[in-house]
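K.L.:
Have a look at this one.
The values are calculated or read from the model by the stated rules, or taken from the named source; none is laboratory data. The model shown is predicted, which means the values in this text are computed figures rather than measured ones. Here the Cβ is made from the backbone with ideal geometry for all residues, glycine too, and neighbour counts use every protein chain on show.
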Amino acid sequence: MLSYQALLTAVPVVLAAGNVPAIVGETGIGKSALVQEVAQQMGAKLFTTVVSLSEKGDLAMPVPPLTERAFVKTSQYGELADVQFGYTHTLIEIIQWAEAHPGQPIIWFLDEFNRGTQAVQSELMNLVLQRRINTLQLPNEVKLILAENPDATMAGFEDSDYGVVSGDAAINDRTVRLVMRAEVADWLKWAKTASILPTVQQFIAENPGQLAPKIHDADLYPTPRAWQRVSQNLASLATVNVADRSEIQLELLVGDLGETVGREFDHYLTQHQVGLTAQAIYDSTTLSTAVLDQFRAASPDQQQTIMTGLIDQRRQYPLTTAHVALRFNALLATMPADGQVAVALRLAEIPQLLETLADAALTQPGCRQLYDQLTTIGLDNATK
């Protein structure tokens, strides 16, 4: 697999060799943006055809003879009609551009190639294999680039479930497959030039596995393109009044990132809005009075979100570590009773967490305090 930056070198190399690159990558990973940058880098004019939206006959449609000269008279076989073809407007524009700008490279980008029907892919065969459509020969200036989604028949993508149509073996044999991977460093470099909100950039920098997670919800899940939409939506949401904003923010995030990561990022945003991050709570020498005062001043909903965020970051800050347990317990103790119960129930849902905490409590006083507090909350709740 190649990163975005590596592909910026690899794709022009393949084109210069006279071959056709087929860029394979998950949806939203940045294939289209890559081709745009390659075109800019090469000084090429870019034309794009989305193959998944194409129908058979879109590229070249037979039309009746348009002049008398198109009728051929024979002495023995009657009159024959020399059928002409009407070409898609994109192809006409390519030909016109090549004639008007001889020598300038042209890139024809066939996006979502393997999501087109078998009939459409077959129609494109001569284009890719012979650079010809019927009797029309592509100008030498035209370079072809394909983009495909992963196919379960491809090595490394055996579990892929994209709705693709497996390509013809002849296509696979005549193209150079370049597999693209999501690279956090590349995305963050791009994000700085693409007006991506600083909070989004910071979240990805701190949680690189969430840019394009391999293990994700079955329905919606994060992609580099989804994070761009998140940034755009949050910037627009900032113009809405606070009450309406808090009501719809989570749903907007879930709608782009899926339930799991959407909720995690919502917790992250709330922590930063209040100014209480896991780093501020755990990484300082002591839990300052200022941090406790900030937590007390937060609304019950905000307190709940902060505590849920701390629980979600338990891998980085284990609750079985003495100072982490002490500080988590200090915050928990300041919450209203129903908030404490909600936190205790959330912890109880995590497999083996309370058992592990009980073991740590035998040797670490800080863990003992948290475990005793959770036990008290549980007992008090059971008696109500």
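K.L.:
Could you please find all residues in the range 122-137 being surrounded by 20 or more Cβ atoms within 10 Å (Cβ to Cβ) and touching a helix residue (DSSP H, G or I) at 6+ places or on another chain (Cβ under 8 Å)?
P.N.:
If the condition is that a residue be surrounded by 20 or more Cβ atoms within 10 Å (Cβ to Cβ) and touching a helix residue (DSSP H, G or I) at 6+ places or on another chain (Cβ under 8 Å), then L124, V128 are the ones that fit.
K.L.:
Right, here's the next one. Restricting to the range 12-26, name every residue that is surrounded by 15 or more Cβ atoms within 10 Å (Cβ to Cβ) and not in a helix (DSSP H, G or I).
P.N.:
Answer for the range 12-26, where residues must be surrounded by 15 or more Cβ atoms within 10 Å (Cβ to Cβ) and not in a helix (DSSP H, G or I): V20, P21, A22, I23, V24, G25, E26.
K.L.:
Same structure again: Does H272 meet the test of being assigned to a helix (DSSP H, G or I) and either surrounded by 18 or more Cβ atoms within 10 Å (Cβ to Cβ) or outside the structural domain of F203 (by TED's automatic domain parsing) (or both)?
P.N.:
Here the answer is no, as H272 does not meet what is asked.
K.L.:
What single numbered condition from (1) in contact with a Leu (Cβ under 8 Å, 6 or more places away or on another chain); (2) part of a loop (DSSP other than H, G, I, E, B); (3) of a type in the set (S, T, N, Q) fails to hold for Q249?
P.N.:
It fails just one condition, (2).
K.L.:
Can you name every residue in the range 83-121 that is closer than 21 Å to I23 by Cα, surrounded by 14 or more Cβ atoms within 10 Å (Cβ to Cβ) and among the polar types (S, T, N, Q)?
P.N.:
Hits for the range 83-121 are N114, T117, Q121.
K.L.:
Same structure again: What are the residues in the range 199-243 that are assigned to a loop (DSSP other than H, G, I, E, B), over 14 Å from the mean Cα position of the chain (by Cα) and within 22 Å of Q279 (Cβ to Cβ), if any?
P.N.:
N207
K.L.:
Quick one: which of G78, G103, G116, G86 is among the small types (G, A, S) and at pLDDT 85 or above?
P.N.:
So the residue among G78, G103, G116, G86 that is among the small types (G, A, S) and at pLDDT 85 or above is G103.
K.L.:
OK, next. State the number of residues belonging to the range 1-48 that are under 25 Å from Q121 (Cβ atoms) and either free of Cβ contacts under 8 Å to residues at least 12 places away in the same chain or among the small types (G, A, S) (or both).
P.N.:
So the answer is 12.
K.L.:
Next question, about the same structure. Restricting to the range 134-154, give me the number of residues that are among the hydrophobic types (A, V, I, L, M, F, W, C) and either modelled with pLDDT under 60 or under 17 Å from E99 (Cβ atoms) (or both).
P.N.:
5
K.L.:
Looking at (1) over 21 Å from T277 (Cβ atoms); (2) in the same structural domain as Q273 (by TED's automatic domain parsing), which is the one condition that is false for S246?
P.N.:
Result: S246 fails condition (1) only.
K.L.:
May I pose another question? Considering each of L345, L310 in turn, give the residue that is out of contact with any Leu (no Cβ under 6 Å at 6 or more places or on another chain) and either crowded, with 19+ Cβ neighbours inside 10 Å or within 21 Å of P222 (Cα to Cα) (or both).
P.N.:
L310
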